[in-house]
1. For the stretch 136-173, give me each residue that is in contact with a Pro (Cβ under 6 Å, 6 or more places away or on another chain) and either without any contact (Cβ under 8 Å) to a residue 60 or more places away in the chain or among the β-branched types (Val, Ile, Thr) (or both).
2. Among the residues of the stretch 315-331, which ones are surrounded by 13 or more Cβ atoms within 10 Å (Cβ to Cβ), part of a helix (DSSP H, G or I) and modelled with pLDDT of 95 or more?
3. Going by what's in this entry, would LEU73 be described as hydrophobic (A, V, I, L, M, F, W, C) and either within 26 Å of LYS329 (Cα to Cα) or open to solvent by 20 Å² or more (accessible area, probe 1.4 Å) (or both)?
4. Can you confirm whether the stretch 212-223 contains a residue that is within 31 Å of the chain's Cα centre (by Cα), within 17 Å of GLN122 (Cβ to Cβ) and not hydroxyl-bearing (Ser, Thr, Tyr)?
5. If I ask for residues that are more than 22 Å from GLN273 (Cβ to Cβ), open to solvent by less than 80 Å² (accessible area, probe 1.4 Å), touching a helix residue (DSSP H, G or I) at 6+ places or on another chain (Cβ under 6 Å) and not in a loop (DSSP other than H, G, I, E, B), which ones from the stretch 153-168 would you list?
6. Does LEU349 qualify as being open to solvent by less than 60 Å² (accessible area, probe 1.4 Å), in contact with a helix residue (DSSP H, G or I) (Cβ under 7 Å, 6 or more places away or on another chain), among the aliphatic types (A, V, I, L, M) and modelled with pLDDT of 95 or more?
7. I'd like the full set of residues that are among the charged types (D, E, K, R) and closer than 16 Å to THR253 by Cα, limited to the stretch 295-333.
Amino acid sequence: MTKNDTPKTSSNQMWGGRFAAGPDAIMEAINASISFDKRMAAQDIEGSRAHAAMLASAGIITDTDAVAIREGLLTVLSEIDNGEFQYSAALEDIHMNVESRLKDLIGEPAGRLHTGRSRNDQVATDFRLWVRDQTDAVIVGLEALIRALLAQAEAGADWVMPGFTHLQVAQPVTWGHHMMAYVEMFGRDMSRFRDARVRMNESPLGAAALAGTSFPIDRHMTAEALGFDRPAANSLDAVADRDFALEFLAASTITAMHLSRFAEELVIWSSAQFRFVALSDRFSTGSSIMPQKKNPDAAELIRAKIGRIMGAMVGLFTVMKGLPLTYSKDMQEDKEQVFDAADNLMLALAAMTGMVADMTANTKNLEIAAASGFSTATDLADWLVRALNMPFRDAHHVTGTLVALAESKECDLPDLTLADMQSVHEHITQDVFDVLGVHNSVASRVSYGGTAPSQVRSQIARWTKNLNKDT
């Protein structure tokens, strides 16, 4: 047991006279949440300061008491920030720990702080503030990753590489286009967090235990002080709602899935079989026995984070799915999972941003791979449609026959002679070879959202403008 976990007392005096004896060790252990909810200390004190100011404004407590409470809470926060605060498991949670210390500091006025509120609306407020803060941090992290991807896309707008379906070469694309695909993914993630933030930005404070309070409190005042758009409109829902945490976990899970997909590509691309990219030493490790190894461990760990983040989401859904209104102690199990998911998502975002910023594309290998596997077959079929006015299905058949011919000759489509081509269809001309080069192929894909360098640069400019505007 650490210094900060040493109990001050064997029973929780905050329960008042209802219980004659304190809980035994097992009950204390299962009931206490201070080991993890102390992470919400700053939010708890922020909420209490807003509540105390409102109580004074409404004439429920005196200005003198409000000043004492405010100053005392600032002292408590300073002790926490400096690592001097003595946490007690016997006091259960961060709310009681703060209030107990406040009483030590200022005496009787501390007992008036809890007027017009309950731990039910207090924890709902603290947790919502914490998730809101974390949502803002994730948005910042996503923007940093998107900017790193935009830098890669700008550098490689003209670099050709293979585009894959079924992990087999399909058509040539540009490096920039591939990077921009992830910009779109992470951009959707950013919008999900922003949307969730709008919905979560209602204040539960003042809903009290579940039914509101008879004191003439001003919930709009506390909502505004805490940066909420409005107070929650129903006191039952205010204390029972954990949708904000579920939405955070759902958005985190989708983001982690996108990170995992990209991480898998980096693992493949950095392998000796592909050699598409070189990851920096900062995000790679060696082997304890094989000196030649350079392992993409950061990418592999990011790839695995989806398991614990999605597990947190499923865990919280399972906790909430059968709970009647309003508060049940089950809901104490809501925080550790969210804390863990948030920590790991932020770590994965930071690591991926670093890898993207540091990685170096092997443009030679990318271009060689882009030209393999008959990647310009679709370009050939399109040429037959345009130049010979051939129905696409017929062009598809002719192209397939030419691919089979190239396979039999153990060469690629551009390596066939014009005579080879005309042996399949006599009207094919020399012009067909203009579309069989990978650079010509990508340059021709000028449809909106296509892989042509001009389209890639247009999308980079759009994203850069939008990010700068949002900033």
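The values are calculated or read from the model by the stated rules, or taken from the named source; none is laboratory data. Everything quoted here is computed from the prediction, not taken from an experiment. Cβ coordinates were reconstructed from backbone atoms using ideal geometry, including for glycine residues, and neighbour counts include every protein chain displayed. These area figures cover heavy atoms from the full protein model, side chains too; ligands, DNA and RNA do not enter into them. Shrake-Rupley method; radii C 1.70, N 1.55, O 1.52, S 1.80 Å.
1. Taking the stretch 136-173 as the starting set, the residues that turn out to be in contact with a Pro (Cβ under 6 Å, 6 or more places away or on another chain) are 157-158, 160, 169.
Once the filter is applied, which keeps residues that are in contact with a Pro (Cβ under 6 Å, 6 or more places away or on another chain) and either without any contact (Cβ under 8 Å) to a residue 60 or more places away in the chain or among the β-branched types (Val, Ile, Thr) (or both), the stretch 136-173 yields VAL160, VAL169.
2. GLY315, LEU316, PHE317, VAL319, MET320
3. Details: hydrophobic (A, V, I, L, M, F, W, C): yes; either within 26 Å of LYS329 (Cα to Cα) or open to solvent by 20 Å² or more (accessible area, probe 1.4 Å) (or both): no.
When the stated conditions are applied, LEU73 does not pass them.
4. Yes, because at least one residue in the stretch 212-223 is within 31 Å of the chain's Cα centre (by Cα), within 17 Å of GLN122 (Cβ to Cβ) and not hydroxyl-bearing (Ser, Thr, Tyr).
5. As a first pass, look at the stretch 153-168 and keep what is more than 22 Å from GLN273 (Cβ to Cβ): 153-155, 157-158.
Within this subset, residues satisfying the condition of being open to solvent by less than 80 Å² (accessible area, probe 1.4 Å) are 153, 155, 157-158.
Then drop every residue that is not touching a helix residue (DSSP H, G or I) at 6+ places or on another chain (Cβ under 6 Å), which leaves 153, 157-158.
Matches in the stretch 153-168: ALA153 only.
6. On the way: open to solvent by less than 60 Å² (accessible area, probe 1.4 Å): yes; in contact with a helix residue (DSSP H, G or I) (Cβ under 7 Å, 6 or more places away or on another chain): yes; among the aliphatic types (A, V, I, L, M): yes; modelled with pLDDT of 95 or more: yes.
It is true that LEU349 is open to solvent by less than 60 Å² (accessible area, probe 1.4 Å), in contact with a helix residue (DSSP H, G or I) (Cβ under 7 Å, 6 or more places away or on another chain), among the aliphatic types (A, V, I, L, M) and modelled with pLDDT of 95 or more.
7. Here is the first cut: in the stretch 295-333, the residues among the charged types (D, E, K, R) are 297, 300, 303, 305, 308, 321, 329-330, 333.
Scanning the stretch 295-333 gives ARG303, LYS305, ARG308.
Residue-wise test of (1) out of contact with any Gly (no Cβ under 6 Å at 6 or more places or on another chain); (2) over 18 Å from ALA225 (Cβ atoms); (3) of a type in the set (D, E, K, R).
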residue: GLU28; (1), (2), (3): yes, yes, yes
residue: ARG39; (1), (2), (3): yes, yes, yes
residue: ARG49; (1), (2), (3): yes, no, yes
residue: LEU74; (1), (2), (3): yes, no, no
